[in-house]
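All remarks here apply to the structure that follows.
We did not get these values from a lab; they are worked out from the coordinates using the rules stated. Everything numeric in this text was worked out from a predicted model, so none of it was measured. Here the Cβ is made from the backbone with ideal geometry for all residues, glycine too, and neighbour counts use every protein chain on show.
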Amino acid sequence: MINVAARARRHPVACLTALLAGAFSGCEPEPPLDLYGSLYFEAGPYLGEFRLATGDAMPVVNLGDQRIQRVSVFEHDELLLSVLAYVEERPHDRVVRFDIETLHETPLVGGQAAEYLAGPAQVAFYAGRDLIVAPRRNVRGGGRVIHSDARREPPTLVAMGDAGLLFAGDDGEIRRYDPATGSTERLEGLSSACELRDAVWLADREQLLCRARQTDRSVPVLSIARLDGQRAGVLPLPEGRAFRPVAYLPDQRILILNERHRAWISRHEEHRVWAYAMDSGRLQRIADDQYLGESAVYRADAR
């Protein structure tokens, strides 16, 4: 759902203790984070845009009887969309290029869960039980299978830019595809430390932000891990709250999170949007109720 009424609301908390104690003098609220760019996300048949500077969300396009299942970056003013379409009442998964400016879509190949690997200019996607990588200019005919399994679980892919691709098979093991060699390897240490679902690659750190594997999954711990599985840190978020990583903005060093919670009066489920500054540790709410889908991508030069 795209909540077009959602507005950014800043809630400085640095002075809360002083305000409650009545010590108002010398306590100045921190200025809001100066965010820019947009997140593009899926909401059923809609492609949505969330503007980081204002906290506003709006529909970009309605694809009608097609359901957008995944959004990935692509080149120039384009996105890579994985959609589910119905042809003669039968479901068909396909990958399309979508131009943000012209709103034109170009079918590329049958498949799902597509991710674009910017460094080697390759598209990775699932076709049936096979994970395929193909050159960007010959997606339909130039692909090769890098992994196959029974596909009992939904596919989980995390693009690493120049560094390749992380994916998880049915056995739960996290693997890495290296575009430089064309090979795949098991990452046993990372598999023990992290769940790949909802993980976000921190490109400037060459580390993975992930849900730590633990017994109690009701409130996930978000940790930062190296590819060998060694923990580099834990995100110091407020305890007992359900935060989910959405996207990382490497040029701003900002992590965007959705927080699922129950409204106080209606008890309806809502999704707050937060920005977390990796350098300072500041956590700022930028929208009160906007779900940013199962996948979202960042564009710094968005309209």
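Comparing Tyr86, Tyr177, Tyr248 in a Gaussian network model of the chain, where Cα atoms under 10 Å apart are tied by springs, the biggest mean-square fluctuation is seen for Tyr86.
Using DSSP to define loop residues, name the chymotrypsin sites (Phe, Trp or Tyr not before Pro) in the stretch 28-64 whose beta-carbon has at most 16 other beta-carbon atoms within 10 Å.
Hits after loop and neighbour filter: Tyr36.
Counting 0.36 nm for each residue step from Arg197 to Thr156 and taking away their Cα separation leaves a gain of 14.1 nm. Taken one residue at a time, the phi angles of the stretch 137-143 give Karplus couplings (6.51, -1.76, 1.60, θ = phi - 60°) of 8, 8, 5, 6, x, x, x Hz. Gly and Pro are set to x.
So what's the projected area for the stretch 161-248, the Cα convex hull averaged over all directions, in nm²?
6.0
Each residue, Arg226 and Asp279, gets one label point 7 Å from its Cα in the Cβ direction; the gap between the two is 2.4 nm. Give the residue list of trypsin sites (Lys or Arg not before Pro) in the stretch 157-220 that are DSSP loop and have at most 12 other beta-carbon atoms within 10 angstrom. When the trypsin sites (Lys or Arg not before Pro) of the stretch 157-220 are filtered for loop state and at most 12 Cβ neighbours within 10 Å, Arg217 remain. Loop-located GluC sites (Glu not before Pro) in the stretch 41-108 (DSSP state other than H, G, I, E, B) with a sparse environment of at most 15 neighbouring Cβ atoms within 10 Å: Glu75, Glu88, Glu89, Glu101. Across the chain, Cα-Cα pairs more than 30 Å apart make up 34 percent of the total.
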